[in-house]
Amino acid sequence: MDDRSLDLIEFFQVTAAVADRAESDGARQALLKWRPMADRAEREVEIERLREAIRCTDEPGEWCFVGPGSLREVFEREAVEGLDGRGLVEVRRWLDAATAAVAAWDDPARQKRFPRLAARVAELRQPRGLREQLTAALDDDGAVQDAASPLLRRLRRELTEGERRLGVQLERWAQRFGAEAYVTRHVDRFVAMVPADSFPRRRGIVHDVSNSGRSLLVEPLESCGENNRLIELRAAAALEERRVLGELAAAVAAGHGMLVDLEATLIHLDTLRARARWARVLGAVALTPGGDHLRLRTARHPLLAARAGANQAVIPLDLELGLGAGGRLLIVSGPNMGGKTVLLKTVGLALALSHAAFPVPAGEDSTLPEIRDLMVDLGDPQSLEEGLSSFAAHLAVLARMADAAGPMAVLLCDELGAGTDPEEGGALARALVEHFARRGAWGVVTTHLTTLKRLSGEVPGLVNGSLEFDLKTLTPRFRFLGGVPGASHALAVAERLGFPAALLGRARALTPESTQLLERLTADMAEAVRRHRDEAAALEQARIDATAEAERHREAVESSRRELAAERRRLTRESEAVLARARELWQTMQREARREARARNEPADLKAEMTRIERATEDLSGGPDAEPRDLAPLRAEELAPGRWVRVIDLGVEAQVASGPDAEGRVQLRRGGFTIQSRVGRLAAGRGGPATTQPLNGQWSVPEEAPPIQVDLRGLEADEALAQLDRGLDRAMLAGLAELRVVHGIGRGVLRAAVERHLRSHPQVAEQRLGRVGEGGRGVTVARLC
């Protein structure tokens, strides 16, 4: 592809815009010199790298690093002037950049996602130990550091100490000449500034006189030896610095080839990063040329897209040529200022950028053919030096196009056949177009010639196209219409621009009827195609909306099904819990029934025993005076503390210890025996205590059902087993058949301890884990003996 054609389609303006996004001077220069690649294998590898770079740029973290300046320029200076400290620091910074790049790619996951970029970074090689040597020897300004060599460290230490001693010595010496005297340096020697009128010249060497002549720069004679020694130390240190710099320069020279390769690799990575950044700004993609199809989807001219603001959108181009599209050669017609030239440049740029491994501002589903030649006839190519007129210059370009025409060539002609007699120009244009089509060349030809508009149905491989034009406002819409020739609308546009009406009338009268009819037919066809396309677009949008609505409906149905399933699971869990609770209540009722049966027998036995004890006591005390009085229950207000009452259901008498509370409970005492009873169960007693042996104990009638489970969660093993024993005792006294032991799941330690304890417990007949609704593996059910 020749540079003239690339320049006409603004390829170099695009590369300059991309170069502005590079970090290094080398990458910027490389991008400005970039050209389409002829080697297919090299191009395909570079395009794959570009795809990875675009995706990698979207991820957080840097993946490319460069140094300052140019190593090539550093080496060129070295050849002329030698390598100084600043040049060595530039070398070190490029080595630092390479080290940072290698570290950024030291991630197997990143290497797997972007294998071609990782392979490029893996090519970075550094001279062994050079970076560490430069870092230790030089500071950021290129000055040699003390750590560069032991000798330099010693010399600088001696120099610093000597300067300090000499400064102190001179300050003491200068104090004799008043407050205005002070210590300074003259060239490389320490001196004192003293008044000229009070200084005896024989006591020192005068190095200079102040401008006023009133002060002298004096070096005392006793300081000369130390000053001489310091000068020698400075010279020795400078010599050692030069030796260190020479040693470092020799190490850099030894690694020259490796350093050049390192810089080239980092610069190449920087060009990839710049192209990726530009792609992200424009929404461009990497396209690999190949195949027999040119299809552009939502393509845009990159410079127009870059200049477009938030309120200025670029109308995208949808265009298709080649296999299945009717032909490879597109004839674009229509009025001036309609965007035909922009379309031509957009097609040419898409092809050139893809062959140069640059991003193309188009959709991912775009495809481009592989080409070898790109030739453009655009603008005014006249040459004063060669004595060619515009038409002659056009003919020279068209002749080269005719020679280059073939399946691997793209020919872009703007206003073909213009610049000469319309009849002859039209004939020449038709001959060229037929030649291009016969050779199978790719191309876009813009024209106003009716002769070319009619060729679509006559010459195989040609397709018509135009850019949409608003007939009401006579303004272009810049939207491509494939398969439809465009009317020029020259007279209508002239009328809108205020052309004299008389002249327009005369022009219309002179226009052949066939031409006017063709213009009207072309305009009607374009309008019909526009309406058809708008309706198709509306139908497509309706289809998209219907698909989206169907998807939303499907998601709503799925969501309803999920919610219904979740509600069903919740209700199942709740019903299982209710069923489990019902089972527990049923077991509790059975246990209560058994306990009540035992309780009905126990009071009778207790009453018989108490009667026997009372009779024995009465026998010992001489017998009762009379039989018990009427056992009618006493009212609450009659139960005063100290009164003797008879507990009807127990058949014993006791003294009221405390009156009834709000719930009707009454505390009774008989010797050391405390009884808790209720109003309604107490009748009048005989008025005095029986002479019985005091009973040491306490007994009360339980007010509520005993607990049917014991909760051990959160307890240590010892505490849990003690709590379990107390629970088993209460369950046995209550007459329960089973006891639920809640120990939780956890790591299973507490469950194992409970299992071992229950296995050997005398009150437990057997044990099992809880069923569904009972707590599962977090509960052990113990059946009591």
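Filtering region 245-263 to residues that are of a type in the set (A, V, I, L, M, F, W, C) and touching a residue at least 60 places away in the same chain (Cβ under 8 Å) leaves L245, L248, A249, A251, V252, A253, A254, M258, L259, V260, L262. Pairing each residue of region 714-733 that is in contact (Cβ under 8 Å) with a residue 60 or more places away in the chain and of a type in the set (D, E) with any residue that is open to solvent by 60 Å² or more (accessible area, probe 1.4 Å) and in a loop (DSSP other than H, G, I, E, B), provided the two are 6+ apart or on different chains, yields no C-beta distance under 9 Å. For the residues L117, L95, L83, the requirement of being closer than 19 Å to A286 by Cα and open to solvent by less than 40 Å² (accessible area, probe 1.4 Å) singles out L117. Among the residues of region 120-141, those identified as out of contact with any strand residue (DSSP E or B) (no Cβ under 8 Å at 6 or more places or on another chain), surrounded by 14 or more Cβ atoms within 10 Å (Cβ to Cβ) and hydrophobic (A, V, I, L, M, F, W, C) are V121, L124, L130, L134. Of the residues in region 1-51, how many are open to solvent by 30 Å² or more (accessible area, probe 1.4 Å) and in a helix (DSSP H, G or I)? Summing the residues that are open to solvent by 30 Å² or more (accessible area, probe 1.4 Å) and in a helix (DSSP H, G or I) in region 1-51 gives 21. For C785, the criteria (1) exposed (fewer than 14 other Cβ atoms within 10 Å of the Cβ); (2) at pLDDT 85 or above hold in every case but one, which is (2).
Considering Q169, Q145, Q175, the condition of being farther than 30 Å from R242 by Cβ and surrounded by 13 or more Cβ atoms within 10 Å (Cβ to Cβ) is satisfied by Q169 alone. When the criteria are applied in full, A79 meets the requirement of being modelled with pLDDT under 90 and at negative phi.
Within region 303-321, not a single residue is within 28 Å of G417 (Cα to Cα) and modelled with pLDDT under 80. The single residue among R328, R297, R307 that is of a type in the set (K, R), surrounded by fewer than 19 Cβ atoms within 10 Å (Cβ to Cβ) and either under 20 Å from T446 (Cβ atoms) or without any contact (Cβ under 8 Å) to a residue 24 or more places away in the chain (or both) turns out to be R307. Of all the listed residues (R751, R768, R747), the sole one being charged (D, E, K, R), open to solvent by 40 Å² or more (accessible area, probe 1.4 Å), more than 30 Å from S677 (Cβ to Cβ) and modelled with pLDDT under 85 is R747. Residues of region 184-202 that are farther than 28 Å from T160 by Cβ and touching a helix residue (DSSP H, G or I) at 6+ places or on another chain (Cβ under 8 Å): P195, S198, F199. Looking for something in contact with a strand residue (DSSP E or B) (Cβ under 9 Å, 6 or more places away or on another chain), closer than 28 Å to W63 by Cα and of a type outside the set (F, W, Y) - is there at least one such residue anywhere in region 289-299? Yes, the conditions are met somewhere in region 289-299. Counting only helices (runs of 4 or more DSSP H) that sit completely within region 381-485, those holding 1 or more residues that are surrounded by fewer than 18 Cβ atoms within 10 Å (Cβ to Cβ), modelled with pLDDT of 75 or more and among the hydrophobic types (A, V, I, L, M, F, W, C) correspond to 390-404, 422-439.
Count of region 268-288 residues, restricted to those that are farther than 23 Å from L304 by Cβ and open to solvent by less than 10 Å² (accessible area, probe 1.4 Å), is 4.
Annotation note: of R670, R665, R686, the sole residue that is at pLDDT 80 or above and among the basic types (K, R) is R665.
W63 fulfils the conditions (1) aromatic (F, W, Y); (2) over 19 Å from the mean Cα position of the chain (by Cα); (3) open to solvent by less than 40 Å² (accessible area, probe 1.4 Å) except for a single criterion, (2). The number of residues in region 612-648 being among the charged types (D, E, K, R) and modelled with pLDDT under 70 comes to 9. For D107, are the conditions met, namely being under 22 Å from V218 (Cα atoms) and either over 55 Å from the mean Cα position of the chain (by Cα) or at pLDDT 90 or above (or both)? Answer is no for this residue.
The values are calculated or read from the model by the stated rules, or taken from the named source; none is laboratory data. Just so you know, these numbers come straight off a predicted model, no measurement behind them. We place every Cβ from the backbone using ideal geometry, glycine too, and count neighbours over all the protein chains shown. These accessible areas exclude ligands, DNA and RNA; they are computed on the full protein's heavy atoms, side chains included. Shrake-Rupley method; radii C 1.70, N 1.55, O 1.52, S 1.80 Å.
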